[in-house]
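Engineer: One structure, pasted below without further comment.
No lab work stands behind these numbers, since they all come straight from the coordinates. All of these numbers come straight from a predicted model, not from anything done at the bench.
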Amino acid sequence: MIKELVPMASMAKRSARHVYQNVPGSSYDGSAVRRLEREPVAQPRVRPRERAVARPRVKVREAGKVAPFAVAGFAAVAVFAVLLLMSYIQLAQISNDVVSLKSEMTTLQSDEAQLRAEYALAYDLSDIEQKMTADGSMSHPQDSQICYVDLSEPDSIEFPTGEAPVKGLAGLVKSVQDLVGEIVEYFR
């Protein structure tokens with residue numbers, strides 16, 4: 001059955017070519033598409049496959065002993081890494097403690113403000129004055145008990161003991177003796 005179809009297909013192609021070959025004009029070659037004149041396309045060059053060069057067999061050197069300085073270096077790096085991690089853990093713990101202490105401090109500050117307000121309300125000066133003057137333990141000062149201080153004069157020092165300050169070398173010796181005496185009294 002396949003043999004019968006093949007000759008029929010070839011016959012259909014032959015008959016179609018013969019019909020279009022009788023068309024007048026030299027530019028028509030049996031195709032509906034006009035042929036353009038162009039230069040031949042360059043074919044890509046194919047390089048011949050080269051054989052891979054075989055490597056020469058080389059003897060491998062045996063592994064040597066591990067250097068003690070390398071082991072010490074790796075141990076030091078490991079110790080420093082552990083210490084660094086421990087310091088990060090401590091830093092995180094301390095920062096958490098700081099946060100909790102700050103929150104506690106704000107709570108204590110609000111408590112302090114409340115206690116100060118209660119203290120101010122508990123000790124009203126007018127109430128205290130009324131209580132103390134009512135039982136007679138305190139009284140208002142009389143006009144004769146009030147002393148006025150005149151501050152119009154320049155500053156000066158008065159010794160209430162009645163001793164005049166010693167000047168010169170004798171004053172220096174006396175001040176050193178007083179100083180040594182005070183030091184000795186302090187350590188007794």
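Engineer: Answer rounded, prolate or oblate for the range 49-97, using the Cα gyration tensor with square roots of eigenvalues a ≥ b ≥ c: rounded when a/c is under 1.5, else prolate when a/b is larger than b/c, else oblate. All intermediate terms of the calculation are to be shown ahead of the outcome.
Structural biologist: Values: a/c = 11.75, a/b = 2.53, b/c = 4.65.
It is oblate, given that a/c is not under 1.5 and a/b is not larger than b/c.
Engineer: Taking the range 34-129 as the region of interest, what is the percent of Cα-Cα pairs per 10 angstrom bin, listed from the shortest bin to the one with the maximum distance?
Structural biologist: Calculated over all Cα pairs of the range 34-129, the distribution is 10, 11, 10, 10, 10, 10, 10, 10, 8, 5, 4, 3, 1 percent.
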